[in-house]
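The values are calculated or read from the model by the stated rules, or taken from the named source; none is laboratory data. Here the structure is a predicted model, which means the values were calculated and not measured. In this analysis, Cβ positions are derived from the backbone assuming ideal geometry, glycine residues included, and neighbour counts consider all displayed protein chains. Please note that ligands, DNA and RNA were not included when accessible areas were found on the heavy atoms of the full protein model with its side chains. Shrake-Rupley method; radii C 1.70, N 1.55, O 1.52, S 1.80 Å.
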Amino acid sequence: MQSVLAVIPQARLAPTMPFDVEVQGETIAIPSRIYNEEPSVDSERPPLTGTQQVILNCLYSRHSDGRVRQRHLERIVASGEPWVVPFVVHLAGEYVLEIIEAIGRGLPGLAVPGSAQRRLYGEFIARNPAFFARTERRVVSYWSCYYRWKYGAFGTYPGYVLLEAFRAAVVEQVGAQWLRHTPHPAGGRG
């Protein structure tokens with residue numbers, strides 16, 4: 001981790017409001033936002049290892065600029081590392097539609113029963129039900145505020161489609177229904 005922190009430029013503002021999640025029995029605190037500029041290619045001396053690059057991309061997936069978040073998300077979304085999952089799931093609850101679409105493209109295994117991706121996300125959600133419920137509520141809120149005009153029925157919104165894939169993963173993992181914090185796909189409460 002020290003090698004990763006060494007290449008990150010100093011920020012004018014401190015990271016904001018960390019949130020805690022459990023990953024394989026350990027609690028991880030993740031910043032809601034970071035404000036550091038992206039490291040220059042020259043600053044990666046010595047070069048970061050593959051795992052260090054994933055850590056760097058996870059941190060920058062929390063950047064204050066949506067384009068930076070999306071760019072770094074696209075580098076980690078297909079990772080099979082359990083500690084990457086909370087960074088991806090949290091981004092599903094954000095307002096940038098292109099990020100939600102990138103998650104959907106990057107997780108094709110969520111739609112495949114028994115796949116490694118589905119197990120990975122299902123296990124994480126099962127261990128973090130309050131975190132997932134908050135993510136669901138955020139998806140609904142951003143749809144209602146910014147995208148209802150474009151996706152009149154909640155069920156047509158890409159964030160809903162992604163939540164349903166996550167829900168299928170956790171249902172498969174726990175072998176039971178999972179509490180829903182979203183409206184019916186047609187737009188009503190359910």
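Remarks
- Taken over segment 94-109, residues that are surrounded by 19 or more Cβ atoms within 10 Å (Cβ to Cβ), part of a loop (DSSP other than H, G, I, E, B) and of a type outside the set (Asp, Glu) amount to 1.
- Of the residues making up segment 157-167, just one is open to solvent by 30 Å² or more (accessible area, probe 1.4 Å) and either among the hydrophobic types (A, V, I, L, M, F, W, C) or at pLDDT below 95 (or both), namely VAL161.
- Tally, over segment 143-163, of residues that are assigned to a helix (DSSP H, G or I), free of Cβ contacts under 8 Å to residues at least 40 places away in the same chain and in contact with a Gly (Cβ under 7 Å, 6 or more places away or on another chain): 2
- Filter pass, LEU91 being part of a helix (DSSP H, G or I) and within 29 Å of HIS181 (Cβ to Cβ): yes
- Applying the criterion of being open to solvent by 60 Å² or more (accessible area, probe 1.4 Å) and not in a helix (DSSP H, G or I) to the residues of segment 112-142, the residue that is farthest from THR156 (Cα to Cα) is PRO113.
- For segment 66-85, the criterion of a residue being within 16 Å of THR135 (Cβ to Cβ), touching a residue at least 40 places away in the same chain (Cβ under 8 Å) and either open to solvent by 40 Å² or more (accessible area, probe 1.4 Å) or under 13 Å from the mean Cα position of the chain (by Cα) (or both) is satisfied by at least one position.
- Selection count where residues are in contact with a Phe, Trp or Tyr (Cβ under 9 Å, 6 or more places away or on another chain) and either outside any helix (DSSP H, G or I) or open to solvent by less than 30 Å² (accessible area, probe 1.4 Å) (or both), scope segment 169-183: 6
- Residue match in segment 37-44 (condition: in contact with a Phe, Trp or Tyr (Cβ under 8 Å, 6 or more places away or on another chain), at pLDDT below 95 and either assigned to a loop (DSSP other than H, G, I, E, B) or small (Gly, Ala, Ser) (or both)): yes
- Of all residues in segment 102-141, those satisfying the criterion of being among the hydroxyl-bearing types (Ser, Thr, Tyr) and out of contact with any Gly (no Cβ under 6 Å at 6 or more places or on another chain) are TYR121, SER141.
- Residue within segment 9-17 that is at pLDDT 90 or above and surrounded by fewer than 16 Cβ atoms within 10 Å (Cβ to Cβ) present: no
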